[in-house]
Structure formats: structure tokens, C-alpha cells
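Accompanying notes for the structure given below.
The values are calculated or read from the model by the stated rules, or taken from the named source; none is laboratory data. Predicted model, so just to flag it, every value in this text is computed and none were measured. Reconstructed Cβ throughout: ideal geometry from the backbone, glycine too, with neighbour counts over all protein chains shown.
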Amino acid sequence: MPDWLTHIVIAAVVGELFSVRKKSLLFFGALLPDILPKLVLLRLFIPLPALDYTLLSAFHTPFVLFLVTLLIAPLFRYRYKIVVALITLGALTHFVSDALLQHFSGGVALLYPLSLKHYTLNLVWPEQSYLILLPALFMYGLILIVKRENREAKNYGTRRTAKAD
């Protein structure tokens, strides 16, 4: 899986493309599929009951994560539908970036529970996530430059017409 920085940068690219104002929800959604299965690491610090924690890996599937999003959306002070949409969009960026990797376990179960088939594009190994991060950073910078140029061109045109009047 790409590191968390890569997931955040990809979510930032999508947020800029769609002009999302609440990017923090996108970032949260981009990290959520990795955060929930990692809760088992709490037992390193806190004594937890001896249960089968492999069920937490189900949170790394789009369907189960969408159900979790429906449950946690009321915890945010924004409109429910917008919170669900932004967290889900962030999670989708996570699953797409995970599908770019070569997996020993077969890939990402995108259609779970309808299908147990795992999907992957086998483009890069997990330790080569910089091959995803660098183009994503370049795209993010390019988008910011284009948006700034468009904003400056619009302001320049507005100032010229105001002076002409």
C-alpha cells in the first residue's frame, strides 16, 4: 500500500480538481481504510481481549468502509450527505491508489461482499510508493499553478474593465 503521505497527496489532487472546500474530510477518508485495520496495534500498549482481530481487515474494502462512513458521518458538524460524499471520495482515492500496487495477497477486494476477487494493476511494489507520490505531487503543483493563473487572469480582466468605465 502507498504510504499515508501518498494517500493524502492523491486526495489533495482530487480535492483541487473538484474544488472541494473541506479537504480535511477527503484526507480523513483517504486514511480511514488504513487506520481502522491498524487498531489491532493498540494491543501493544493496552491489554485487549484475546479475540480474532483479522475481522478488522474487512474495513479495507469499499462496501464495509462505506457502512462505517454512514455511521461516523453524524459526528461531523457539516451536512450529513456532504460528509458521507467527501469521506467516500477520499476512501475511493485510497482504494484506487492501492490497486496500483503489486500485492502478495492478490490486491484489493473492490467488489466485496458481492465478489471475493481481488483487483490490482501490478504497476509498482509497495516500497516504491514514491513512484506514485512524485507524479501526484507534480500534478498537485500543476493544478495549483493553473488555478492561480486563471484567478489572476480573471482579476486582471475585471480590473481592466473597471478602469475603462
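Looking across segment 131-159, the residues that are without any contact (Cβ under 8 Å) to a residue 60 or more places away in the chain, under 28 Å from His94 (Cβ atoms) and either surrounded by 11 or more Cβ atoms within 10 Å (Cβ to Cβ) or not aliphatic (A, V, I, L, M) (or both) come down to Leu131, Leu134, Pro135, Phe138, Gly141, Leu142, Val146, Arg148.
How many of the residues in segment 126-165 are among the hydrophobic types (A, V, I, L, M, F, W, C) and either at pLDDT below 80 or farther than 22 Å from Val14 by Cα (or both)?
To start, the set of residues in segment 126-165 that are among the hydrophobic types (A, V, I, L, M, F, W, C) comprises 131-134, 136-139, 142-146, 153, 162, 164.
With the extra rule that they be either at pLDDT below 80 or farther than 22 Å from Val14 by Cα (or both), the set shrinks to 153, 162, 164.
Here the count works out to 3.
Candidates are the residues of segment 27-48 that are out of contact with any Phe, Trp or Tyr (no Cβ under 8 Å at 6 or more places or on another chain) and among the β-branched types (Val, Ile, Thr); the one that is nearest to Val68 (Cα to Cα) is Ile35. The residue pairs whose first member lies in segment 12-27 and is assigned to a helix (DSSP H, G or I), whose second member is of a type in the set (Lys, Arg) and surrounded by fewer than 19 Cβ atoms within 10 Å (Cβ to Cβ), and whose beta carbons are closer than 9 Å, counting only pairs six or more residues apart or on different chains, are Ala12/Lys23; Gly15/Arg21; Gly15/Lys22; Gly15/Lys23; Glu16/Lys23; Glu16/Lys147.
All conditions but one from (1) surrounded by 17 or more Cβ atoms within 10 Å (Cβ to Cβ); (2) in a loop (DSSP other than H, G, I, E, B) apply to Leu116; the one that does not is (1).
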